[in-house]
1. Restrict the search to region 187-221; then list the trypsin sites (Lys or Arg not before Pro) that DSSP places in a loop and that have at most 10 other Cβ atoms within 10 Å of their Cβ.
2. Helix-only estimate, please: 222 nm mean residue ellipticity of the chain, summing -39500 (n - 2.57) across DSSP H runs of length 4 or more and dividing by its residues, to the nearest 500.
3. Tell me the Rg and the Dmax, in Å, that the Cα atoms of region 178-273 produce.
4. Kindly write out, for region 99-108 in residue order, the coupling ³J(HN,Hα) from the Karplus curve 6.51 cos²θ - 1.76 cosθ + 1.60 (θ = phi - 60°), rounded to whole Hz, with x marking Gly and Pro.
5. Tell me, rounded to the nearest percent, the portion of alpha carbon pairs in region 195-251 spaced more than 15 Å apart.
6. Calculate, for S36 and K219, the FRET efficiency according to 1/(1 + (r/R0)^6) with r their C-beta to C-beta distance and R0 22 Å; round to the nearest 0.05.
7. I'd like to check one number: the per residue accessible area of region 115-273, probe 1.4 Å, reported in Å² as a whole number.
8. Provide the FRET efficiency to the nearest 0.05 for the E187-Y13 pair, computing r from the beta carbons and using R0 = 35 Å.
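The values are calculated or read from the model by the stated rules, or taken from the named source; none is laboratory data. Predicted, not measured: the structure shown is a model, and the values here were computed from it. Cβ placement follows ideal geometry from the backbone for every residue including glycine, while neighbour counts extend to all protein chains displayed. Accessible surface areas use protein heavy atoms only, side chains included; no ligands, DNA or RNA. Shrake-Rupley method; radii C 1.70, N 1.55, O 1.52, S 1.80 Å.
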Amino acid sequence: MPLDQLPDLSSDYPITKDQHDTYRRDGHIILRGIASAEEVQAFRPLITGIVDEMARAKDRQGRISDYSAMFTQVTNMWRMNDAVRRFVFSKRFAKIAADLMGVNGVRLYHDQALIKEPGGKPTPWHQDYYYWPLDTEHTITMWMPLVDVSREMGSMNFVAGSHRDSAFKRLPISDTSQEYFERIIREQQSEIRSYELRAGDATFHSGRMLHAAHGNGSKKRREVITIIYYADGTRIMEPDNEHQKVDMEVFHPGLKPGNIAASELNPLLYSRP
């Protein structure tokens with residue numbers, strides 16, 4: 001489909017005070033139908049086409065961890081295809097992120113396709129902010145399926161309110177993080193929430209949200225795109241682990257601790273008038 005015929009994804013999806021409050025309280029929220037079935041179908045083959053091409057090339061994009069048993073991932077697709085850029089730069093999605101966090105503007109950290117093939121293993125419990133050298137609590141990830149996703153296919157699990165717990169160990173995604181957080185969830189009798197989503201629904205979760213994903217026990221691919229946002233004006237912090245050092249170099253090229261996190265790879269996607 002020609003670029004000028006693709007949906008522009010700029011129309012508003014109003015966020016209510018109750019939705020804002022739910023996100024702030026629980027650290028995550030599910031929003032239904034933020035993209036229509038027609039909008040998803042226009043962009044889906046473009047996104048999955050990039051993933052399939054990268055998978056054939058066995059391009060790990062310089063990562064220091066191999067998650068291939070859990071999912072195939074491709075990052076910063078907006079730089080590879082102008083049509084996918086339109087999806088990632090959606091004003092509608094970025095405004096939702098800003099409204100939920102209660103900030104005036106948001107920048108892009110990166111996009112990421114996460115394709116969990118049939119038989120793909122579960123994604124262990126983890127917190128995303130472990131990887132991000134960003135000096136702010138205002139980070140949020142949009143997790144949108146491009147196909148209907150049941151729990152059997154690998155939907156997300158969230159520990160409600162866990163974004164407020166500052167006593168957790170800082171751990172990368174691993175068997176160790178799974179064992180550690182699983183024990184804490186059991187001991188604290190934490191409330192776990194899981195959702196089934198239709199294509200175009202989305203969950204939004206805080207960077208400090210404790211979350212995981214089921215394995216894919218179905219015969220279908222779980223096709224998901226995520227977009228990570230953070231508050232405009234955020235500064236780079238001193239990395240405290242190797243993953244943060246790599247992220248600073250890869251996603252904030254040329255920037256140092258103390259700089260405003262606004263490299264050429266972090267465009268401003270929404271700012272209030």
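1. Details: sites: R193, R198, R208, K219, K220, R221; in loops: R198, R208, K219, K220, R221.
Passing both the DSSP loop test and the Cβ count: K219.
2. That comes out to -8500 deg cm²/dmol.
3. Calculated on Cα positions, Rg and Dmax stand at 17.6, 47 Å.
4. Taking θ as phi minus 60°, the curve returns 5, 5, 7, x, 10, 7, x, 9, 10, 7 Hz for region 99-108.
5. On the way: 1104 of 1596 pairs.
Result: 69 percent of Cα pairs exceed 15 Å.
6. Computed FRET efficiency for S36 and K219: 0.25.
7. Numbers: 6980 Å² over 159 residues.
Result: 44 Å² per residue.
8. Rounded to the nearest 0.05, the efficiency is 0.35.
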